[in-house]
Amino acid sequence: MARLTTPPAIVILGVGARDTARRVQSLYDGAQVHGLQGRVADADVAYTELNAHLRELYASGTPIIALCAAGIVIRCVAPLLANKGAEPPVLAVAEDGSAVVPLLGGLSGVNSMAREIAAALDVPPAITTSGELRFGACVLNPPDGYTLASLDQGKRFVSDLLAGEATRIEGDAPWLDGVQLPLADDAQRAIRVTPLAWHGATDELVIHPRSVVVGVRATGSGAGSLPQRIREAAQTHGLAAQALAVLLAPATLTGDPALRQAADELQVALRFTTDSSLDHDADHSAARMLSQTLRVPHKALDAPGDAPIAFAVAQAPLDPATVGRARGKLSVIGLGPGDASLMVPAARAALTQATDILGYETYVKMAGPFRADQRVHGTDNREEMQRARHAFELASAGRHVAMVSSGDPGVFAMAAAVLEALDGAREETQHAAWSAVELEIVPGVSAALATAAQAGAPLGHDFCMLSLSDNLKPWSIIEKRLRHAAEADLVMAFYNPISRARPWQLDKALDIVREYRAPATTVVLGRDIGRPGATLKTTTLAGLKSADVDMRTMVIIGSSTTRAFKPAGSGREWVYTPRWYE
Ligand code: SAH
């Protein structure tokens, strides 16, 4: 299965294309079938309008495989073509799989995709690029791990070859084996695969393997910005900046923003040492840091022993994941009430990227399934602080941890526990490592909001959220808050309303509310909202019995203005709280 940096979108207009779409889908990791809403029931992604959808995909750089007429695809993306930016591959494939036409993205691999898809569908690809046709590969589109020094020079070079010039190949270009290039050992022209910079010679095509690691021992020393100093140092060694694959720094600098900026600007992976003996390296040698961290054959470039910047060149393009470790990340996410469509895309992305998933077992199951390479750590719900600390331990060792809660992580869930763990570790030795972790909190649709939406708009005016659990706060506080909220005529959303260990609290709470609110006050009960077997019930404060409520129920007690009505003929009831007061 092929892996593209961004998985392709396979766009279909009707069920007639479904079989071909699924065959193409099986070729690419993470590819999804996008189907026109109302016409394709079982697509992975539904869209409502082809034009807008294709433009959106194109603009976001997503490779497009459209199973429809080439003309339709061209008309849809045409308005975006004048804007010369990075162009994703765009292909049209006949619904029945009988034709594969690469349309756009010659430099981002459209022709190799066309070959892959055509091979799977057992038809010849409709390739029209002259260089491709003549040589059987796009010389200007080297595989992952290699970059062209200059696209303009590349185009000139290929047209020279098409005009009859021959070339040599210098360096290691395994992807050109078997390509029908006009090769001659004594050719004046040369394709050079090298980490060394191109100096503008017009008779060579320079391709850089991303094989260079730059070691940075400290970010503050020297004049100029860090990326500038790295570029200058690379230049001194004759290295091309495009050949840089990894910026390696000591683990002690994991949280340093200057390093992140430099890595972003230079477009290299940022990795850190794992050997703690280097953290307090007295001779401050970046070269030593490189030699102790790199696990693959490489050559160190000469640098003074105490230079803060040093380089090492590997024999082949480097997979950054094999160098030291990443800055860890902890994403504290909310899954929403249960249904996948109610999970925000940022939470879904964090789950996809995570190496480790942590949380209460029920929620972890809800968040799955996970890939074989993802580690799942399910634990009992009660050990929240322990779980938060565990998350930091994993993340500070370079893992990407997703900590899952249901609903919103900041509403009676893990986000506060995670921050408390970090805050509480301030005096501890691990604090520096924990603070260096990239921490993000991704919101979710909380149970009160999901239940309210099902019922209508009971939270349409001022409201409060209360947890009736006295596990973490004294019951007297709960009573006081209930009284004040009831007196203030706030709509109240009760989380954790009842459990086997807390059998009497809900009745007590309702007694308090009944002192302030009329028996006819509207009450909404949502159970397992967004999950299989969901139920929604409307009742009144007088009619509400604690036996109707369990720990999977959200209780919303209306204010004096909350009302329920049944639109004629609709067969259902809506509850809302108007946004005004009399
Ligand atoms: N962080 C969660 C709340 C955790 S407290 C959120 O923002 O939704 C757990 C309580 O939330 C449960 O006792 C129940 O009262 C409520 N709850 C959670 N999921 C629910 C669902 N799908 N339907 C109804 N209530 C739910």
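The values are calculated or read from the model by the stated rules, or taken from the named source; none is laboratory data. Keep in mind it's a predicted model, so treat the numbers as computed, not measured. Note that we place each Cβ from the backbone using ideal geometry, even for glycine, and neighbour counts take in every protein chain shown. All accessible areas refer to the heavy atoms of the entire protein, side chains included, with ligands and DNA or RNA removed. Shrake-Rupley method; radii C 1.70, N 1.55, O 1.52, S 1.80 Å.
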Solvent-accessible ranking of GLU49, GLU87, largest area first, probe 1.4 Å: GLU49, GLU87
Taking a spot 7 Å from the Cα of ALA416 along the direction of its beta carbon, which residues of the stretch 447-461 have an amide N less than 18 Å from it? 447-449
Amide H contacts of ALA457 (H built 1.01 Å from N, under 5 Å, at least 5 apart or other chain): VAL575, TYR576, THR577
Looking at this model, which pairs from LYS545/LYS566; LYS365/LYS545; LYS155/LYS299; LYS329/LYS480 are more than 29 angstrom apart at the alpha-carbon? LYS365/LYS545; LYS155/LYS299; LYS329/LYS480
On Cα atoms only, tilt of 414-424 relative to the major axis of the chain in degrees: 70 degrees
Using only helices, what value at 222 nm comes out for the chain when you add -39,500 (n - 2.57) per DSSP H run of length 4 or more and divide by the total residues, to the nearest 500 deg cm²/dmol? -8500 deg cm²/dmol
Among DSSP beta bridges lying fully in the chain, give the percent that are antiparallel, nearest 5. 40 percent
Just by accessible area at a 1.4 angstrom probe, what is the order of SER467, SER476 from largest to smallest? SER476, SER467
For MET465, other-chain or 5+-apart residues with amide H closer than 5 Å (H placed, Pro excluded) are ALA493
Cβ-derived FRET efficiency at R0 22 Å, ARG260 paired with GLN353, nearest 0.05: 0.85
How large are Rg and Dmax for the stretch 212-324 when only the alpha carbon atoms are used, in Å? 12.4, 32
Compactness index (Cα Rg / 2.2 N^0.38 Å), the stretch 146-209: 1.01
Point-charge dipole on Cβ atoms (K/R +1, D/E -1) for the stretch 128-259, about Cα centre, debye to 20: 420 debye
Rounded to the nearest 10 degrees, the helix 475-487 long axis (Cα) sits at an angle to the longest Cα principal axis of the chain of 80 degrees
I'd like the accessible area for LYS508, computed on protein heavy atoms only with a 1.4 Å probe and all protein chains in place. Round to 10 Å², please. 80 Å²
Helix 226-236 against the longest principal axis of the chain: what's the angle in degrees, Cα atoms only, rounded to the nearest 10? 20 degrees
Sum up the charges of everything whose Cβ sits under 13 Å from the Cβ of GLU49, counting Lys and Arg as +1 and Asp and Glu as -1, but leave GLU49 out. +1
TRP580 neighbourhood, Cβ < 14 Å, K/R = +1, D/E = -1, net charge -1
Any chance you could look up the accessible area of SER276 with a 1.4 Å probe, heavy atoms only, rounded to 10 Å²? 80 Å²
Heavy-atom accessible area per residue - the chain, 1.4 Å, Å²: 48 Å²
DSSP beta bridges in the stretch 146-209, what fraction antiparallel, as a percent rounded to 5? 25 percent
Report the net charge of residues surrounding PRO79, where surrounding means a beta-carbon distance below 13 angstrom and charges are Lys +1, Arg +1, Asp -1, Glu -1. +1
For the stretch 164-169, in residue order, the Karplus 3J(HN,Hα) values (coefficients 6.51, -1.76, 1.60; θ = phi - 60°; whole Hz; Gly and Pro = x) are x, 6, 9, 9, 9, 10
To the nearest 20 Debye, how big is the dipole of the chain about its Cα centre, given +1 on the beta carbon of each Lys and Arg and -1 on that of each Asp and Glu? 1420 debye
The correct ranking of VAL401, VAL179 by accessible area at 1.4 Å, largest first, is VAL179, VAL401
Compute the longest continuous run of the chain that contains no exposed chymotrypsin sites (Phe, Trp or Tyr not before Pro); treat a site as exposed when its DSSP state is not H, G, I, E or B and it has at most 14 other Cβ atoms within 10 Å. 1-503
Under a point spin-label approximation (7 Å from Cα along Cα-to-Cβ), what is the ARG563-SER98 distance to one decimal in nm? 6.4 nm
Just need log10 I(q)/I(0) for the stretch 1-116 at q = 0.10, 0.18, 0.20, 0.22 Å⁻¹, Debye formula, equal scatterers on the alpha-carbon atoms, no solvent, rounded to two decimals. -0.24, -0.84, -1.06, -1.32
What Kirkwood hydrodynamic radius do you get for the chain when you take the inverse of the mean 1/r over all pairs of distinct Cα atoms, in Å? 28.4 Å
Measuring from centroid to centroid over Cα atoms, what is the spacing of the stretch 109-143 and the stretch 463-503 in Å? 65 Å
Can you give the translational diffusion coefficient of the stretch 466-582 in µm²/s, computed by Stokes-Einstein from the Kirkwood radius over Cα pairs at 25 °C and 0.890 mPa s? 165 µm²/s
